[in-house]
Each structure stands twice: as C-alpha cells, then as structure tokens.
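These notes are about the structure you will find just below.
Every number here is computed from the coordinates shown, using simple stated rules; none is lab data. Small disclaimer: the values here were computed from a predicted structure and weren't measured. For neighbour counting, all protein chains shown are included, and Cβ atoms are generated from backbone atoms with ideal geometry for every residue, glycine included.
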Amino acid sequence: MSDAPLTSKPPSRLARWLDSDFFYAFKRSPVAVVSASVVLLLILSAVFAPLIAPTNPFDPASLNLMNGFSAPMKPNAFTGDTFLLGTDDQGRDVFSTILFGMRISLFVGVSAVLFAMVLGILLGLIAGYAGGWTETIIMRVADIQLTFPSILVAMLIFGVAKGVTPVEYRDQMAIWVLILAIGLSDWVQFARVVRGATLVEKRKDYVQAARLIGRGPGAIMLRHILPNVLSPVLVIATISLALAIIAEATLSFLGVGAPPTQPSLGTLIRIGQGFLFSGEWWILFFPAMTLLALALSVNLLGDWLRDALNPKLR
Amino acid sequence: MLSFVVKRVAQSVLVLLIVGLVAFSMFRFVGDPVDNMLGQERTIEDVERLRTQLGLDQPFPVQYYKFLEGAVQGNFGVSYRQGRPVAEIILERAPATLELAAVSGIFAILLGIALGVFTAIRRNGVTANLIMSISLIGVSLPTFLIGILLIYLFSVELGWLPSFGRGEVVKIGGWSTGLLTETGLKALVLPSITLGLYQMTLIMRLVRSEMLEVLRQDYIRFARARGLRDRTVHFRHALKNTMVPVITVIGLQLGSIIAFAIITETVFQWPGVGLLFINAIQFVDIPVMAAYLMLISVMFVGINLIVDLLYFAIDPRLRGGGQEATG
C-alpha cells in the first residue's frame with residue numbers, strides 16, 4: 001500500500017466546495033469574511049451560552065443583590081466581585097444576560113425566517129404552478145399585506161395572538177407568538193420571488209418530461225421545480241434574518257415581545273433604557289452594541305451574497 | 001384614463017372592505033373582552049350587564065352590521081381599558097402624531113433633497129463621501145436605537161433638549177399644538193429627527209442616484225453649452241426631472257412615517273396615537289386596535305391611490321392611453 005493509488009479518488013464534497021467559484025469570491029471579499037466571522041462568533045457564543053457565561057442570570061440562587069450596579073471591570077464596592085461588562089440593578093452579570101438574550105433573539109429570528117420561508121415557498125410554488133384563481137387570490141393577499149409595513153403587521157398579529165392565548169400562558173407563549181407574528185409578516189417576499197421563478201421554470205422541458213412520465217403536481221413542484229428556484233430564496237432569507245432580528249428587538253423594546261422572564265436583546269435594551277439617566281450606561285450600551293453588530297454583519301453578509309449569487313454581476 | 005381611475009378606486013375600496021372584515025373578526029373572536037375588563041373579582045350580573053352594554057350578546061351578522069355602520073360614522077365602540085369612546089381618545093391624541101409626522105416629513109424631504117443634490121454634484125468630494133458612509137450606518141441602525149442615542153447625547157450629556165413628552169401645548173379649538181410654545185418646539189426636535197432620519201437617507205440616496213443619471217444626459221450638456229449657470233442647470237433642468245420617482249417614494253413613505261411613529265412615540269413617551277396603539281396591544285384593548293387598524297388602512301390605501309393618480313398627472317408619457325406610452 002506504499003504506492004500512490006493509480007486512480008485518484010473523487011474529491012470530497014468539502015474539497016469541491018472549497019474549490020468552487022463561490023468560495024473563491026468569498027475569500028477575496030474582506031467585508032464578507034469579516035461579517036461572516038462576526039456572525040459565526042455571535043451564533044457560537046449564543047449556542048454555547050450556558051458554557052461560556054460566568055453566571056446563570058435566570059437562576060435566582062446565584063444572584064446577589066449586593067452586586068447590583070457594578071461598573072464594568074471595576075470591583076464591586078460591597079462584595080469586591082468584578083464583572084467584565086458590569087451588572088444590572090438586580091446584580092445580574094450583563095455579559096451573561098447578553099449571551100442568553102442573544103440566544104432568544106437568534107432563536108426567534110431564525111425560526112421566524114424559516115417559518116416565513118416555508119410558507120412563502122409553498123404559496124409561491126402553488127401560485128406559480130397552479131395559476132388561475134389560486135394564483136390571483138394568493139398574490140392579491142400578498143399585495144394587500146405589502147401595502148402595510150411588516151413591523152405593523154407583526155404588531156397586529158402579536159396583539160391578536162396575545163388576545164387568543166389565555167392570560168396564564170401569555171408569558172410562556174410570547175416567544176412562539178413572536179415567531180408567528182414576524183414569520184407571517186415576512187412571507188410575501190419569498191412567495192413573490194418563488195412564484196416568479198416558478199413561472200419561468202414550469203415552461204421548461206424537464207418539467208414537461210416529468211409531467212409526461214406521470215408525476216403528480218406535488219412531486220413536480222417539490223422535487224423538480226423547488227431545487228431550481230432556491231438560490232434567490234437564500235439571498236432573501238439572509239436579508240430577512242437581519243430584518244427579523246431587528247423586528248424582534250423592536251417589538252421586545254416596545255414591550256410587545258419577549259417577556260422580562262425570557263429577555264431578548266430588545267428586552268434588555270428596554271430595561272437598560274430605564275438606567276440611562278442615572279448613569280449606569282453599561283446596562284444599555286452593551287446589549288445595544290451586540291444587537292448592532294449582529295444586525296449589521298448579517299445585513300452585510302446578505303448584501304454580499306446577493307451580489308455573489310447574481311450571475312449578471314460576475 | 002377614466003377606466004384606470006375607476007379601476008384603482010374600486011381596488012382601494014375592496015382592500016378597505018377586507019381590512020374591515022379583519023378588524024371585525026378581531027372584535028368578535030379575539031379573547032373575551034368581558035374577561036379583560038372586569039378582572040378577578042366580579043359577579044355574574046356584572047358580566048351579563050357588560051355583555052349587553054357592549055352588544056356582545058347579539059348574533060354575529062347583527063354585530064357585523066353594527067360594526068360597519070359604526071366604523072363608517074367614525075364610531076369604533078368603547079375602549080375596554082379606558083371605558084371611553086375610542087373615537088374620542090383617538091381624536092384627542094391625533095394632533096400630537098400628525099404634528100410629529102408633519103415636522104419629520106418636512107425635515108426628511110428638505111434635507112433629503114438638499115443632501116441628495118449636494119452628494120450628486122460633488123460626487124467625489126470628501127464631505128459627500130462622508131455623508132454617504134454615515135447614511136449607510138443610519139440605515140442599518142434600528143429606529144429605537146437612534147432615539148436612545150439622541151436622548152443620551154442631547155438630553156443626558158448635553159442637557160439641551162427634553163427627552164420625553166410634548167412640552168407645553170396650546171389649545172386651538174379641538175387641536176392641541178406644541179408648535180407655538182418654546183418647550184413644545186424643543187420637545188419636537190429629537191422625536192422628529194428620530195422619525196425622519198430613515199426617510200431622509202432614503203430620499204437622499206434616491207435623489208443622488210437619479211441626479212447622477214440625469215446629469216449624464218445630453219440636454220444637460222446642451223444647457224451647459226448654452227452658457228447657463230451651474231445653479232440653473234442643477235436645479236431647473238436636472239432636479240426637476242428627478243422628481244417623478246422621488247414623489248412616489250415620498251408618498252409611500254408618508255404612510256411609513258405614521259406607522260413608525262409608534263416606535264418613536266414609545267421611545268420619547270410622545271402622547272400620540274402610536275403610543276395609544278402600543279398600550280392597546282399590551283392590554284389587548286381590541287376596540288382601540290381595530291380602530292387604529294382601520295384608520296391606518298384608510299390612510300395607507302388613500303396615499304397609495306393618490307400617488308398612483310399623481311404619477312399619472314406628472315408623467316406625460318403615462319397619459320393618453322397605453323399605445324402612445326410605449327412609442
């Protein structure tokens with residue numbers, strides 16, 4: 001076995017991907033590399049928050065009220081404990097609350113986009129493939145919804161859903177209601193793009209061939225057309241993620257989102273705003289900066305992706 | 001021409017009817033308003049009395065008809081939370097929101113167009129590039145963070161401007177205005193900037209790209225060749241021809257200003273309709289939510305309609321039927 005193999009193995013998927021035009025373009029763009037690293041770092045620290053965070057901010061036993069209002073990097077006057085980013089009024093470590101808050105922000109953002117994506121793709125495929133009345137109804141609803149800013153639609157859905165859930169479940173359900181509200185406010189973009197692409201694809205020969213061999217409309221839509229309309233969907237999904245994160249933060253900031261028992265970055269900023277006038281700037285500043293870094297880097301990544309996947313700009 | 005107008009108006013009415021149905025369904029099916037209003041301690045008689053008082057004991061079609069009849073007359077029932085007619089509460093708070101929206105709209109339009117023209121003319125200048133970079137950051141910042149940032153800078157650190165409320169207001173008839181007192185005007189500054197900043201950058205970027213497009217065209221070169229002054233060329237010839245898309249965007253953004261006023265009003269505790277709406281959501285005050293939804297739909301649909309018709313009036317190519325337009 002010391003001889004070199006005569007036939008070279010086909011390169012692995014990873015190797016092929018690392019060799020692709022797409023990855024080459026990625027390596028050559030500093031903006032893409034930096035923003036992707038920031039996004040990756042933030043996602044990883046959110047996922048591993050329980051391991052990284054020095055304290056568990058939601059465990060009342062670990063909190064010491066004496067630690068309240070510690071400034072960043074300065075030992076507390078009473079206990080002598082030092083906190084990297086300071087503590088809030090109840091002695092919760094700001095760094096830990098940010099890590100856990102980012103978890104909720106990202107979870108809501110990603111779930112909402114996935115929900116919007118699945119809904120939008122399905123309705124877009126059906127509208128484009130079926131045509132006729134089905135198409136008219138779906139696209140009219142989309143048009144009407146597009147007349148209103150999505151944050152307003154999300155607020156309304158949140159309010160209605162909150163009204164439907166019984167009072168004692170409201171706090172527990174708030175996260176799911178938030179996902180539903182943001183997701184439902186954002187499906188239109190996906191549906192429009194997928195419908196447009198489906199209209200083009202369904203006239204192509206391979207779709208006719210699939211129909212000839214007797215595949216049903218469901219199989220044609222999902223197995224044949226869907227894979228060919230996915231690349232614009234990817235771009236919209238990334239940009240939607242940035243918008244969803246901001247939408248979640250805005251709703252939570254306004255007090256119609258994540259409850260104080262499960263604070264997201266927006267809730268933390270809402271809490272921090274209360275201490276703006278008393279000089280404890282760090283309770284507000286660090287969550288705000290984290291939100292900004294997250295939204296900005298996802299946004300920049302989306303912009304880059306749009307250009308990279310656009311064949312006209314190659 | 002006439003068929004276009006009729007079609008657009010019919011479309012708008014249809015949209016409003018659908019929104020009305022949504023608003024009514026909210027009324028009818030969301031939660032139990034009696035539950036929301038009475039709280040824990042109550043008797044069965046209390047519940048029954050309130051049910052009759054709110055008309056919740058009547059059959060569905062009757063309630064629906066009553067709702068439509070009321071909505072057309074501007075009667076949206078009684079707020080579950082405040083126990084007062086919704087229309088009265090909204091009318092009382094409308095001046096605050098409208099003044100805020102108007103001031104920030106004017107700010108956005110004037111500064112947006114001015115900066116747009118400036119950055120287009122001095123395309124490679126240092127100041128113009130700086131403005132463009134700052135605007136990019138401005139677009140990515142969520143509105144509420146901009147508001148907090150401004151409060152921190154101008155209220156907490158510098159202490160120049162108030163951070164919440166409307167200041168002193170003067171009553172003129174049924175309209176309360178903050179435009180006539182010093183504290184009222186001061187209180188308007190930060191919220192208007194917060195609310196108008198996004199629209200301002202949007203208008204600026206649009207004017208800039210349109211201007212760059214127009215400045216390349218032959219008639220601008222001819223105008224220069226005729227020896228016209230720069231100012232005449234830029235404003236009389238170039239800017240005028242960028243106005244069609246700019247007016248569309250301004251029109252469509254007017255609606256957004258009213259909608260985003262919700263966020264600004266919450267940050268600055270501005271006693272307007274947006275803050276009312278947010279509080280209504282927090283307390284599931286359905287009549288207020290439904291009324292706000294109807295009100296804002298009428299506004300959005302109306303603005304869309306006007307913009308479409310204005311488009312028609314401004315752009316001569318769209319007038320006189322489709323055949324000429326393609327020629």
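Cα centroids of the stretch B:190-236 and the stretch B:248-304: 31 Å apart.
I want the local charge near residue B:75. Using Cβ-Cβ distances under 14 Å, sum +1 for each Lys or Arg and -1 for each Asp or Glu among the other residues.
0
Here the convex hull built on the C-alpha positions of the protein assembly as shown has a volume of 275 cubic angstrom per residue. In chain A, the longest principal axis of the Cα atoms and the axis of helix A:132-147 are about 30 degrees apart.
Peptide A:142-148 has a mean of 4 when you count, residue by residue, the C-beta atoms of other protein chains within 10 Å of its C-beta. In loop segments of the stretch B:89-161 as defined by DSSP, the chymotrypsin sites (Phe, Trp or Tyr not before Pro) with at most 15 further C-beta atoms inside 10 Å of their C-beta are B:160. Simple spin-label estimate for residue A:261 and residue B:14 gives 4.6 nm between the two label positions (7 Å along the Cα-to-Cβ direction from each Cα). Put in order of Cβ neighbour count within 10 Å, fewest first, the listed residues B:72, B:301 become B:72, B:301.
Note on chain B: with a GNM built from Cα contacts shorter than 10 Å, the maximum mean-square fluctuation among B:60, B:312, B:260 falls on B:60. Working note: Karplus 6.51/-1.76/1.60 with θ = phi - 60° gives the stretch A:32-48 the couplings 5, 5, 5, 5, 5, 5, 4, 4, 4, 4, 5, 5, 4, 5, 6, 5, 9 Hz, where Gly and Pro are set to x. Shown for A:248, B:182, B:210: other C-beta atoms within 10 Å of each C-beta, ranked fewest to most, produce the order B:182, B:210, A:248.
Cut-off is 10 Å between beta-carbons; in what order do B:244, A:298, B:15 appear when sorted fewest neighbours first?
Fewest to most other Cβ atoms nearby, the residues stand as B:244, B:15, A:298.
Give me log10 I(q)/I(0) at q = 0.11, 0.13, 0.17 Å⁻¹ for the stretch B:86-282, Debye formula, one equal scatterer per alpha-carbon, no solvent. The calculated log intensity ratios at q = 0.11, 0.13, 0.17 Å⁻¹ are -0.59, -0.76, -1.08. With axes computed from alpha carbons, what is the tilt in degrees of helix B:286-314 against the longest principal axis of chain B, rounded to the nearest 10 within 0 to 90? The angle comes out at about 30 degrees. Comparing A:18, A:300, A:41 in a Gaussian network model of chain A where C-alpha atoms under 10 Å apart are linked, the largest mean-square fluctuation is found at A:18. For the stretch B:111-118, the Karplus equation 6.51 cos²θ - 1.76 cosθ + 1.60, evaluated at θ = phi - 60°, returns couplings of 5, x, 5, 4, 5, x, 5, 4 Hz by residue, with Gly and Pro reported as x.
The helix-only estimate of mean residue ellipticity at 222 nm for the protein assembly as shown, built from DSSP H runs of length n ≥ 4 each weighted as -39500 (n - 2.57), is -22500 deg cm²/dmol after division by the residue total.
When the P(r) is computed for chain A, the part past 28 Å accounts for 53% of the Cα-Cα pairs.
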